[in-house]
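Student: Shown below is the structure under consideration.
The values are calculated or read from the model by the stated rules, or taken from the named source; none is laboratory data. This structure is a prediction, so every number in the text was calculated from the model and none was measured. As a convention, Cβ positions derive from the backbone with ideal geometry for all residues, glycine included, and neighbour counts pool all protein chains shown. Areas reflect the complete protein model, heavy atoms only, side chains present, ligands, DNA and RNA absent. Shrake-Rupley method; radii C 1.70, N 1.55, O 1.52, S 1.80 Å.
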Amino acid sequence: MRNHEHTKVRNDTSKQTSGQEKPKQMFWEKRLEGLRACHQTGEEFDDIVLPKSIRTIGPNVNEQTVLQSLATALHVLNVPVMGQASTKTEMNKNATAFLNPEQPLMQAVLVSDEDIRRQEDRVSVARKKLQDALKA
């Protein structure tokens, strides 16, 4: 038999952790190193070369790790993917203090108006080629 009303502490849902995300392991992308995609025949695909604007950041991080990190971030995260806000020097000094596990292991990328214009031009050329091919 209960002799007291529901207390605020017992019924307070603001402190429950069920709605919060689990903390992410730092440098989890490093576990993917050495894994390669391959054809059905077993032949491995060639490495993808990243654009010069995407630079690695973090201790002993290679381009393929950045690519896997970036692909996962684009696929899984519900936040904008911009890269790490810290500098390479800060990251090499103390990666655990400056790493944002929500972002891929690359330096922050700024997209300029010129980049957007060049991409729009490339899309226009590709559409024109497609339109010409469909007419032929």
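Student: Would you kindly derive the ³J(HN,Hα) couplings of the stretch 123-136 from the backbone phi angles with the Karplus curve 6.51 cos²θ - 1.76 cosθ + 1.60 (θ = phi - 60°), listing them in order in whole Hz, with x for Gly and Pro?
Tutor: 5, 4, 5, 5, 5, 5, 4, 5, 5, 5, 5, 6, 6, 6
Student: Let me ask another. A 24 angstrom limit on the alpha carbon distance is what I want to check against. Which of 22/52; 22/88; 52/128; 24/93; 52/129 exceed it?
Tutor: 22/52; 22/88; 52/128; 52/129
Student: Could I ask something else about it? Please calculate how many Å² of accessible area the stretch 28-130 carries per residue, with a 1.4 Å probe and no DNA, RNA or ligand atoms counted.
Tutor: It amounts to 74 Å² per residue over the stretch 28-130.
Student: Also, I was wondering about something else. I'd like the trypsin sites (Lys or Arg not before Pro) in the stretch 31-115 restricted to DSSP loop residues with at most 13 other Cβ atoms within 10 Å, sorted by number.
Tutor: 36, 52
Student: Taking every alpha carbon pair in the stretch 28-130, what does the distance histogram look like in 5 angstrom bins from 0, in percent?
Tutor: Once binned at 5 Å, the Cα pair distances of the stretch 28-130 give 2, 11, 17, 19, 17, 14, 11, 6, 2, 1.
Student: Starting from the stretch 23-100, pick out the chymotrypsin sites (Phe, Trp or Tyr not before Pro) whose DSSP state is loop and whose Cβ has at most 16 other Cβ atoms within 10 Å.
Tutor: Filter output for the stretch 23-100: 45.
Student: Heavy atoms only, 1.4 Å probe, whole protein assembly: order 72, 41 by accessible area, highest first.
Tutor: Of 72, 41, the descending order of accessible area is 41, 72.
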